[in-house]
Ligand SMILES: C[S@@+](CC[C@H](N)C(=O)[O-])C[C@H]1O[C@@H](n2cnc3c(N)ncnc32)[C@H](O)[C@@H]1O
């Protein structure tokens, strides 16, 4: 099957019972082998962790039927695992109304989003207009999210960051340098295909507590062992510069307490390496903290940099791997 073949689209989220059905084949499987599927550039995207998460999920039984990502942001992890067939179904959730509206529109209203994106003038004047706007409808919020994410320094949606290239646009990188229409349209169609094929079932605009509490009410037909929750909360440092909704220390503690006592599912939690988080998850029974270190070359730089991340999980089986080091238990 070629990518020329038109993928089906679906206009509404799936009813929860769809989680029991097998997804239909993907029309454009090659798209999902690309390293980046998300149309959003997201501060804190944990792209390099995806292979580690994939190997942990594959090493544990039973294979999950449903993955829920309550801090989805750019949703890199869920999109990749759905595209690769590592999990059958997924639900994305985020408290940020712009982010939630974006995913809902990309999944279930992609033609509108692509047409609207193509009609946008990518200028500093338009950037100012979107920044000042308070859109009421889901479609306009989605477009605001996409526009500002792709034209603002580091993809930051709210507050302080300015347009790529600066207000004077004297830099070599102009405001539209990350607004490549064909690439974005291809990625948005990819999200729509994950939805149309019955993989991406729904998008929730919620706080993480509500998202976790909603799993048993909506998906009570699944055994808890068939669900995996992947959580990538805001940074411990700097988050207030990046996201409208950041976390203070008490929220990091609430999340840790909730995962350790109230969440009956298998879960994986990722953080940039940080002593506060190491201490918070140390010596809790039934879970382990993995240290993952990877080298990468930042865009526009020659230098190799090392990035250290933590993955905390209650998965039973943690196979030997040179990709991570188990810190505890
Ligand atoms: C680190 S980012 C997630 C990045 C994402 N994993 C990726 O790969 O792009 C954290 C996200 O959590 C969201 N968030 C912050 N507080 C939240 C809360 N209380 N409940 C749900 N989402 C929240 C933010 O809006 C942001 O999108």
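The values are calculated or read from the model by the stated rules, or taken from the named source; none is laboratory data. Keep in mind that this is a model prediction, so the values were computed, not measured. Please note: Cβ atoms are built from the backbone with ideal geometry, for glycine as well, and neighbour counts cover all protein chains shown.
Quick one: is residue 23 away from the ligand (no atom under 15 Å from the Cβ), in contact (Cβ under 8 Å) with a residue 40 or more places away in the chain, within 13 Å of residue 86 (Cα to Cα) and part of a loop (DSSP other than H, G, I, E, B)?
Criteria met by residue 23.
Taking the stretch 192-208, which residues are within 15 Å of the ligand (Cβ to nearest atom) and assigned to a loop (DSSP other than H, G, I, E, B)?
206, 207
Among the residues of the stretch 209-231, is any within 13 Å of the ligand (Cβ to nearest atom), part of a loop (DSSP other than H, G, I, E, B) and either farther than 19 Å from residue 88 by Cα or in contact with a helix residue (DSSP H, G or I) (Cβ under 7 Å, 6 or more places away or on another chain) (or both)?
Within the stretch 209-231 (the criterion being within 13 Å of the ligand (Cβ to nearest atom), part of a loop (DSSP other than H, G, I, E, B) and either farther than 19 Å from residue 88 by Cα or in contact with a helix residue (DSSP H, G or I) (Cβ under 7 Å, 6 or more places away or on another chain) (or both)), the answer is no, since none of the residues qualifies.
Residues that are surrounded by 15 or more Cβ atoms within 10 Å (Cβ to Cβ), assigned to a loop (DSSP other than H, G, I, E, B) and within 13 Å of the chain's Cα centre (by Cα): does the stretch 97-107 have at least one?
no
Go through the stretch 38-56 and report how many residues are over 18 Å from residue 309 (Cα atoms) and either surrounded by 21 or more Cβ atoms within 10 Å (Cβ to Cβ) or touching a strand residue (DSSP E or B) at 6+ places or on another chain (Cβ under 8 Å) (or both).
Going through the stretch 38-56 one residue at a time, the tally reaches 3.
Within the stretch 45-62, how many residues are within 24 Å of residue 195 (Cβ to Cβ), in contact (Cβ under 8 Å) with a residue 60 or more places away in the chain and assigned to a loop (DSSP other than H, G, I, E, B)?
Within the stretch 45-62, residues that are within 24 Å of residue 195 (Cβ to Cβ), in contact (Cβ under 8 Å) with a residue 60 or more places away in the chain and assigned to a loop (DSSP other than H, G, I, E, B) number 1.
Within the stretch 161-169, is even one residue within 16 Å of the ligand (Cβ to nearest atom), more than 24 Å from residue 15 (Cβ to Cβ) and touching a helix residue (DSSP H, G or I) at 6+ places or on another chain (Cβ under 7 Å)?
Yes; the residues of the stretch 161-169 include at least one that is within 16 Å of the ligand (Cβ to nearest atom), more than 24 Å from residue 15 (Cβ to Cβ) and touching a helix residue (DSSP H, G or I) at 6+ places or on another chain (Cβ under 7 Å).
Those residues that are away from the ligand (no atom under 16 Å from the Cβ) and at pLDDT below 90, I need them from the stretch 261-281; list them, please.
Taking the stretch 261-281 and keeping what is away from the ligand (no atom under 16 Å from the Cβ), we get 261, 264-266, 275, 278-281.
Once the filter is applied, which keeps residues that are away from the ligand (no atom under 16 Å from the Cβ) and at pLDDT below 90, the stretch 261-281 yields only 261.
How many of the residues in the stretch 89-116 are touching a residue at least 12 places away in the same chain (Cβ under 8 Å), more than 20 Å from residue 212 (Cβ to Cβ) and more than 9 Å from the ligand (Cβ to nearest atom)?
13
Select from the stretch 28-44 the residues that are more than 9 Å from the ligand (Cβ to nearest atom) and in a loop (DSSP other than H, G, I, E, B) and write down the one among them that is modelled with the highest pLDDT.
Out of the qualifying residues, it is 39.
Mind listing whichever residues of the stretch 153-191 are assigned to a helix (DSSP H, G or I) and out of contact with any strand residue (DSSP E or B) (no Cβ under 9 Å at 6 or more places or on another chain)?
So in the stretch 153-191, the residues assigned to a helix (DSSP H, G or I) come out as 153-155, 181-191.
Scanning the stretch 153-191 gives 154, 155, 181, 182, 183, 184, 185, 186, 187, 188, 189, 190.
Could you list, in sequence order, the residues of the stretch 135-157 that are on the phi < 0 side of the Ramachandran plot, at pLDDT below 95 and surrounded by fewer than 16 Cβ atoms within 10 Å (Cβ to Cβ)?
Within the stretch 135-157, 136, 153 qualify.
Could you list, in sequence order, the residues of the stretch 244-265 that are under 26 Å from residue 158 (Cβ atoms), assigned to a loop (DSSP other than H, G, I, E, B) and in contact with a helix residue (DSSP H, G or I) (Cβ under 7 Å, 6 or more places away or on another chain)?
Answer for the stretch 244-265, where residues must be under 26 Å from residue 158 (Cβ atoms), assigned to a loop (DSSP other than H, G, I, E, B) and in contact with a helix residue (DSSP H, G or I) (Cβ under 7 Å, 6 or more places away or on another chain): 246, 247.
Name the pairs: first residue in the stretch 293-306 and closer than 18 Å to residue 49 by Cα, second residue in a strand (DSSP E or B) and at pLDDT below 65, Cβ to Cβ under 7 Å, at least 6 apart or on different chains?
Going by the 7 Å Cβ cut-off, the qualifying pairs are 304/297.
Would you check which residues across the stretch 63-85 are over 14 Å from the mean Cα position of the chain (by Cα) and either part of a strand (DSSP E or B) or more than 16 Å from the ligand (Cβ to nearest atom) (or both) and list them? Steps first, answer last, please.
Kept after step one, since they are over 14 Å from the mean Cα position of the chain (by Cα), are these residues of the stretch 63-85: 63-66, 84-85.
Across the stretch 63-85, the qualifying residues are 63, 64, 65, 66, 85.
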